[in-house]
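The values are calculated or read from the model by the stated rules, or taken from the named source; none is laboratory data. Worth saying up front: this structure is predicted, and the values here are computed from it rather than measured. Every residue, glycine as well, gets a Cβ built from its backbone with ideal geometry; the counts of neighbours run over all protein chains shown. With ligands, DNA and RNA removed, areas are computed over all heavy atoms of the protein, side chains included. Shrake-Rupley method; radii C 1.70, N 1.55, O 1.52, S 1.80 Å.
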Amino acid sequence: MTSQERLKIAVQKSGRLNQASMDFLVSCGLSFAPNGNSLIRPCENYDLDVLYLRDDDIPEYVSRGVADFGIVGENVLAEKQIKLTILKKFDFGKCKLMIAAPANSEIKELKDLEGERIATSYPKLLANYLKEKKLEAAIIPISGSVEITPDLNLADAICDIVQTGNTLTAHNLVPLFTLLESRAVLIESPIVKEAKAKFLAKCNI
Ligand code: PRT
Ligand code: ZN
């Protein structure tokens, strides 16, 4: 195998998907030496390197063929609006993208969102949802800690990822509408390579 054929898989560097993604690769029979802080971790027993990235960057790396595969949340993939083949849906990283409002708010039904301000890190998915529901609301793009924005009067509602619901409860927010159900998925670059099929067979995909 030439060095150009050495495959790359993009995995979240740190965060909720990192450990389960590495566990999946190990379950495929791959082994990795401890890598310290390096962003590229070679597999010891297969022609494969793991690229450790921010999850938000994974679809871009994969769509451009810099990584042959990637493991990322469907929520991130959908927000990036990059069309890529999903090869496998995993049992980890399960969550929902939801609109939530303060418990004491008058927002209870979809129509109550009309004219309101909604803070989110998912402006594209929220815009699509509002358009589909024929609602006009102001989208406030925020990159993190979205749940504090109603208290600070930056927004009337939020659109964020919910798993247990504990974060919403802690901020006195009530989940109302689901935009997307998400889990971690294995995505594939559009670049054709012989080595890819062999790798997928090794992983029973
Ligand atoms: O650094 P990097 O950009 O790579 O990481 P990140 O901080 O953007 O992502 P990270 O590690 O938080 O999440 C990675 C992926 O895990 C997400 O894109 C989802 O696909 C998935 N996932 C699963 C979650 C959650 N569960 C989750 N609970 N992502 C985020 N959360 C956050 C949510 O934003 C909210 O703040 O957890 C809080 C809600 O959790 P509950 O349990 O209190 O409801
Ligand atoms: Zn991220």
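Numbers below:
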item: Options PRO150, PRO141; residue that is open to solvent by 70 Å² or more (accessible area, probe 1.4 Å) and touching a Ser or Thr at 6+ places or on another chain (Cβ under 8 Å); result: PRO141
item: Where THR167 falls short, out of the listed (1) open to solvent by 60 Å² or more (accessible area, probe 1.4 Å); (2) within 19 Å of LYS94 (Cα to Cα); (3) in contact (Cβ under 8 Å) with a residue 24 or more places away in the chain; result: (3)
item: Some residue of the stretch 148-161 being free of Cβ contacts under 8 Å to residues at least 60 places away in the same chain, within 16 Å of ligand 2 (Cβ to nearest atom), out of contact with any Gly (no Cβ under 8 Å at 6 or more places or on another chain) and within 22 Å of ILE58 (Cα to Cα); result: no
item: Strands (runs of 3 or more DSSP E) wholly inside the stretch 32-120 containing at least 1 residues that are farther than 30 Å from ALA197 by Cβ and of a type in the set (Ser, Thr, Tyr); result: 117-120
item: Whichever residue in the stretch 94-135 is free of Cβ contacts under 8 Å to residues at least 12 places away in the same chain and in contact with an Asp or Glu (Cβ under 9 Å, 6 or more places away or on another chain) and, among such residues, is most open to solvent (accessible area, probe 1.4 Å); result: GLU106
item: Selection count, the stretch 59-69, where residues are closer than 11 Å to LEU84 by Cα and of a type in the set (A, V, I, L, M); result: 1
item: Matching residues in the stretch 18-31 - criterion: being open to solvent by 20 Å² or more (accessible area, probe 1.4 Å) and either in a loop (DSSP other than H, G, I, E, B) or closer than 14 Å to ASP68 by Cβ (or both); result: GLY29, SER31
